[in-house]
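Trainee: Handing you a structure now.
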Amino acid sequence: MENNFVVSSSPHIRDNASTRRIMLDVIIALLPATAFGIYSFGYRAALVILVTILSCVFSEYLSRKVLKKESTITDLSAVVTGLLLALNLPSTIPLWMAAVGGVVAIVIVKQLFGGLGQNFMNPALIARVFLLNAFVKHMTTFVNPGVDTVSGATPLYGIKEYVKGNKANLAGYWDLFIGNIPGCIGEISVAALLIGAAYLLIRGVIGFEIPITYIGSVALLTWFLGGETLFAGDWLYHILSGGLMIGAFFMATDYTTSPVTFKGRVIMGIGCGVLTAVIRLYTGYPEGVSFAILLMNSSFPLQKVN
Amino acid sequence: MLLKRMFKGGAAVPHLKRTENCETIKMTVPEKVIIPMLQHIGTPCEPYVKKGDEVKVGQVIGNTDKFVSAPVHSSVSGIVTDVSPKLYAGGVYITSVEIKTDGMQELDKNIKPPKYSGSDEFIGAIRKSGLVGLGGAGFPAHIKLSPPQGKKIDTLIINAAECEPYITSDYREIIENSWNVMDGINIVMEALKIKNVIIGIEDNKPEAIKEMEHVASKSDKINVVELKSRYPQGAEKMLIYATTGRKVPPGKLPSDVGVIVMNVNSVSFISEYIKTGMPLIKKRVTIDGSAVNNPSNLEVLIGTSLIDVFEFSGGFKTSPLKVLMGGPMMGIAQFSLQTSVLKHTNALLAFAEKDATLPNAGSCIRCGRCVKACPMNLLPLYLNNNSLKENIEELRKYHVNDCIECGSCSYVCPAKIHLVQSIRLGKAQVRQAAAKGGK
């Protein structure tokens, strides 16, 4: 051959999308919720965020090194996992626990299954559930936003007691929407999360299928079954509280652990919605978003849904 | 008529039609031509000439009695200097006739306008012309024009979508020879008794739409349809859907839904051929890419070597690292500049280093962009996985053979995975398994 031409299969041009750009978009979309969390809970929240991100990136770097594989920290996926994990933790959690969460997410859930794109459950959620089971007390102690660090019950705990007939303080819709409630660092402000979600939808990073069907089915079921009589549930209260917004827009839409087809995504959304509503209404747990998403994650290989 | 209907998926590729205002320049006769015996999809021709023979322009130099084929004609007058397998556009070796030209371009005495009555004789004449689909695929035209028994064709679709980046060969045909196009359409309509004609043009070519609307204004059977510019609008099945709303089922042909699709250059050629009897010996080729000096449109004699074409166009500004025959989405990368221009070559692109370097494939993150982009409703990521695992059964289950290799999935993949490449591999695995009888 007289020329050293590059001979390859078509197509010969590619668009400028990249994995790193997608991850960067997710980080950008999480910034409003992150900023609001730090604003509400102070420097302690910033520390938790910093520790989980560092823990995730460091775990990613080390495990790739030990496995003798190419380093992948520049694709920013570990940063996304770290940030998502922090946003799902209370600001008062001891920092070493937050760090352990990062290690669990990256080493056990992600790298041991083959790295980016291979894990079958959402790393940040597994880590959160792991911490929840290992350190129940620290994971369920929330403080009210603002300067007074009085511990408070989350709105979902409130409505659970309220429906049971116990007296409880219910938060107002506006407080729920803005985020003037106790809860995890990044889940409290629906407004901040929606700004980020709009960015992801406009950038085409996520589709509307999972969030709409997820939130829609939670709304329907809690309205239908969540009250003292049928069709008397406070559905608006349910969709504005807990981890539903961050779960529906940022966790259930995780590429690796959700289906790729329209049909599959609708099943994913409705499945998560049904499970979340059932856990919230009929079990001992006030909140079910994490479990719902993880259950759907792990059931897809069984259902053979693409 | 603006069309709202749109095929599903595809990709927003850049247009890069830098040569749209480059009037076609006739290239001079090269010193020698190498004419391969395979310039169509189907059975290669047997060479009809041997070393030392004298040949004239338009003389048949290769033919076969197999149905799926088209005869090959000499594009020059001169002396046959070699008949042997030579490097072909796709990287394989194909028997080719090498002719040293004499520059006289003397016509073969058999060339005269064909006489025909009825569709069978018309189709016979088309086969003799050597016409293949000039849009790029090279499917013998006479087969396209003869639908299977019992299939009624009601619509002729003229493909002027030209959705590949860079290429302006079809566009220039409309701008320069619109009456020829019109004439060719009328000939085909009349010969095959077709009632409707739809000319599909993407909306990034307003001049072409205006021109065709102008020449078609007298006929109420011929409609110009403005298509949305989205790749692969010019792919047969996508075009049929966009213009008629009919869906060609997997494994079926356009004639199964009553449609024939022809490239705008093909019908224009038919008009010329019926007038003069001159078979297919030349082709308009768009020359472009980051390594060439003068992006241009050249009329090239078939069999001219790529190096001669590039040199005539003005040469390279930097030495090219990748040379394509066809567009950047579906074109074939060349091993050498010694290969020849074929009947269905519509572009020659030469790229400098920065456009030639292959991206490194990363891990699939299952973002689903390939699924969204696939105009055939396939799941490219699963085809990729199963082809790498040589999982024949799964490849069949995911309909690997329905892939039209348009390249949309690879184009949009953020991990830069070479999806089309592995899907092609998957198709080959399925073929091999079928050959072994493991159906």
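Trainee: Output needed: Cys residues of chain B lacking any neighbouring Cys C-beta below 4.7 Å, sorted by number.
Mentor: Singleton cysteines: B:Cys22, B:Cys45, B:Cys163, B:Cys364, B:Cys367, B:Cys374, B:Cys403, B:Cys406, B:Cys413.
Trainee: About its Cα centre, what dipole magnitude does the protein assembly as shown give when the only charges are +1 on Lys and Arg Cβ and -1 on Asp and Glu Cβ, stated in debye to the nearest 20? Write out the running numbers ahead of the final one.
Mentor: Working: 73 positive and 58 negative charges, 305 e Å.
The dipole magnitude comes to about 1460 debye.
Trainee: Among B:Gln233, B:Met37, B:Cys409, whose Cα projects farthest towards the positive end of the dipole of chain B, with charges put on the beta-carbon of Lys, Arg (+1) and Asp, Glu (-1)?
Mentor: Positive-end residue among those listed: B:Cys409.
Trainee: I need the peptides B:382-392, B:45-55, A:273-283, B:402-412 ranked by packing, meaning the mean over residues of other C-beta atoms within 10 angstrom, with the highest value on top. Present the calculation step by step, with values, prior to reporting the outcome.
Mentor: On the way: B:382-392: 18.9, B:45-55: 16.6, A:273-283: 20.5, B:402-412: 24.4.
Taking the mean over residues of other Cβ atoms within 10 Å, the ranking is B:402-412, A:273-283, B:382-392, B:45-55.
Trainee: If you add up the charges near A:Gly207, with Lys and Arg at +1 and Asp and Glu at -1, over every other residue whose beta carbon is less than 9 angstrom from its beta carbon, what do you get?
Mentor: Numbers: positive: A:Arg265, B:Lys372; negative: A:Glu209.
Charge balance near A:Gly207 sits at +1.
Trainee: Can you give me the relative contact order of the range B:121-244 as a percent, contacts being Cα pairs under 8 Å and 6 or more apart? Mind showing how you got there, number by number?
Mentor: On the way: 153 pairs, mean separation 30.7, N = 124.
It comes to 25 percent, rounded to a whole number.
Trainee: Right, here's the next one. What does the convex hull of the alpha-carbon atoms of the range A:74-162 project to on average, in nm²? Kindly include the intermediate steps, with their values, before the conclusion.
Mentor: Details: hull surface 28.8 nm².
Computing the convex hull of the Cα atoms and averaging its projections yields 7.2 nm².
Trainee: Right, another one. Under a straight-distance cross-link criterion of Cα-Cα below 16 Å, which aspartates and glutamates are reachable from B:Lys17, leaving out those fewer than 8 residues away in the same chain?
Mentor: B:Glu162, B:Glu164, B:Asp170, B:Glu173, B:Glu202, B:Asp203, B:Glu207, B:Asp288
Trainee: Tell me the volume per residue, in Å³, of the convex hull enclosing the alpha carbons of chain B.
Mentor: On the way: hull volume 62.2 nm³, N = 439.
It is 142 Å³ per residue.
Trainee: At a Förster radius of 45 Å, what calculated FRET efficiency corresponds to the Cβ-Cβ distance of B:Ile111 and B:Asn391, to the nearest 0.05?
Mentor: Details: r = 54 Å, r/R0 = 1.20.
With R0 = 45 Å, the Cβ-Cβ based efficiency is 0.25.
Trainee: Further question: Can you tally the net charge around B:His418? Count Lys and Arg as +1, Asp and Glu as -1, for every other residue whose Cβ sits under 13 Å from the Cβ of B:His418. Don't jump to the answer; show the numbers that get you there.
Mentor: Values: positive: A:Arg14, B:Lys416, B:Arg424; negative: B:Glu405.
Result for the local shell: +2.
Trainee: Measure off 7 Å from each Cα along the Cα-to-Cβ vector at B:Asn377 and A:Arg20, then give the distance between these two points in nanometres to one decimal.
Mentor: 3.9 nm
Trainee: Just round it to a whole percent: the fraction of Cα-Cα distances in chain A exceeding 37 Å. If you can, show how the numbers build up before the last one.
Mentor: Values: 6815 of 46665 pairs.
When every Cα pair of chain A is considered, 15 percent fall beyond 37 Å.
Trainee: Take the Cβ-Cβ distance between A:Trp96 and B:Lys151 as r, set R0 to 60 Å, and report the resulting FRET efficiency rounded to the nearest 0.05.
Mentor: Values: r = 75 Å, r/R0 = 1.24.
For A:Trp96 and B:Lys151, the calculated efficiency is 0.20.
Trainee: Of B:Lys66/B:Lys322; B:Lys32/B:Lys283; B:Lys247/B:Lys283; B:Lys193/B:Lys247; B:Lys144/B:Lys218, which sit over 25 Å apart, Cα to Cα?
Mentor: On the way: B:Lys66/B:Lys322 35 Å; B:Lys32/B:Lys283 17 Å; B:Lys247/B:Lys283 31 Å; B:Lys193/B:Lys247 23 Å; B:Lys144/B:Lys218 27 Å.
Correct reply: B:Lys66/B:Lys322; B:Lys247/B:Lys283; B:Lys144/B:Lys218.
Trainee: Per residue of the protein assembly as shown, what 222 nm ellipticity follows from adding -39500 (n - 2.57) for every DSSP H run with n ≥ 4, rounded to the nearest 500? Please list the in-between numbers first.
Mentor: Working: 26 runs with 298 residues, N = 745.
My calculation for the protein assembly as shown gives -12500 deg cm²/dmol from helical runs alone.
Trainee: Using a 10 Å cut-off around each Cβ of peptide B:411-423, what is the average number of partner chain Cβ atoms that fall inside? Don't skip to the end; give the middle numbers.
Mentor: Details: counts 7, 3, 5, 12, 7, 5, 0, 4, 2, 3, 4, 1, 1.
Per residue, the average neighbour count from other chains is 4.
Trainee: A further question follows. Based only on the alpha carbon positions, what is the Kirkwood hydrodynamic radius of the range B:1-151, in angstrom? Walk me through the numbers on the way to the answer.
Mentor: Working: mean 1/r = 0.0554 Å⁻¹.
Here the Kirkwood hydrodynamic radius works out to 18.1 Å.
Trainee: Run the dipole for chain B about the Cα centre, Lys and Arg Cβ at +1, Asp and Glu Cβ at -1, nothing else charged, and hand back the magnitude in debye, nearest 20. The partial results should precede the final answer.
Mentor: Numbers: 54 positive and 43 negative charges, 315 e Å.
Using only the charged Cβ atoms, the result is roughly 1520 debye.
Trainee: Within chain A, what is the longest stretch that has no GluC sites (Glu not before Pro) placed in a DSSP loop and near at most 16 other beta-carbon atoms within 10 Å? Write out the running numbers ahead of the final one.
Mentor: Details: sites that count: A:Glu2, A:Glu70, A:Glu228.
In short, A:71-227.
Trainee: Provide, for the range B:369-435, the number of lysine pairs with alpha carbons under 16 Å apart, each pair being eight or more places apart or on different chains. Display every interim value, and only then the final one.
Mentor: Working: B:Lys372/B:Lys416; B:Lys389/B:Lys397; B:Lys389/B:Lys427; B:Lys397/B:Lys427.
Taking the range B:369-435 as the scope, the lysine pair count is 4.
Trainee: Taking +1 at the Cβ of each Lys and Arg and -1 at the Cβ of each Asp and Glu, which of A:Leu50, A:Asn133, A:Ala86 sits farthest along the dipole of chain A towards its positive end, judged by Cα position relative to the Cα centre?
Mentor: Going by the charge dipole, the pick is A:Asn133.
Trainee: Using a Förster radius of 35 Å, what is the FRET efficiency between B:Thr318 and B:Lys26 based on their Cβ-Cβ separation? Nearest 0.05, please. Write out the running numbers ahead of the final one.
Mentor: Working: r = 27 Å, r/R0 = 0.77.
FRET efficiency, B:Thr318 to B:Lys26: 0.80.
Trainee: With +1 on the Cβ of every Lys and Arg and -1 on the Cβ of every Asp and Glu, and nothing else charged, how large is the dipole of the range B:369-435 about its Cα centre, in debye rounded to the nearest 20? Each step should come with its number before you reach the end.
Mentor: Working: 9 positive and 5 negative charges, 26 e Å.
That gives a dipole near 120 debye.
Trainee: Any idea what the relative contact order of the range B:192-310 is, in percent, if you count C-alpha pairs under 8 Å spaced at least 6 apart? Present the calculation step by step, with values, prior to reporting the outcome.
Mentor: Working: 108 pairs, mean separation 16.7, N = 119.
Once normalised by length, the contact order is 14 percent.
Trainee: Starting from 0.36 nm per residue, how many nanometres of slack lie between B:Ser84 and B:Met6 once their C-alpha separation is accounted for?
Mentor: On the way: separation 78, 0.36 × 78 = 28.08 nm, distance 4.69 nm.
Working it through step by step, the gained length comes to 23.4 nm.
Trainee: Could you work out the relative contact order of chain B, using alpha carbon pairs under 8 angstrom and six or more residues apart, expressed as a whole percent? Mind showing how you got there, number by number?
Mentor: Details: 1006 pairs, mean separation 82.7, N = 439.
It rounds to 19 percent for chain B.
Trainee: Compute the semi-axes of the equivalent ellipsoid of the protein assembly as shown, taking the square root of 5 times each eigenvalue of the Cα gyration tensor, and list them largest first in whole Å.
Mentor: 62, 27, 21
Trainee: Also, quick follow-up: Which whole number gives the average, over all residues in B:324-335, of C-beta atoms from other chains lying within 10 Å of the residue C-beta?
Mentor: Numbers: counts 4, 0, 2, 4, 5, 4, 3, 3, 4, 7, 3, 5.
The mean count of partner-chain Cβ atoms within 10 Å per residue comes to 4.
All of the numbers you see were taken from the coordinates with simple rules; none came from a lab. None of these values were measured; they are calculated from a predicted model. Don't worry about glycine lacking a Cβ; one is built from the backbone with ideal geometry, like all the others, and counts go over all protein chains shown.
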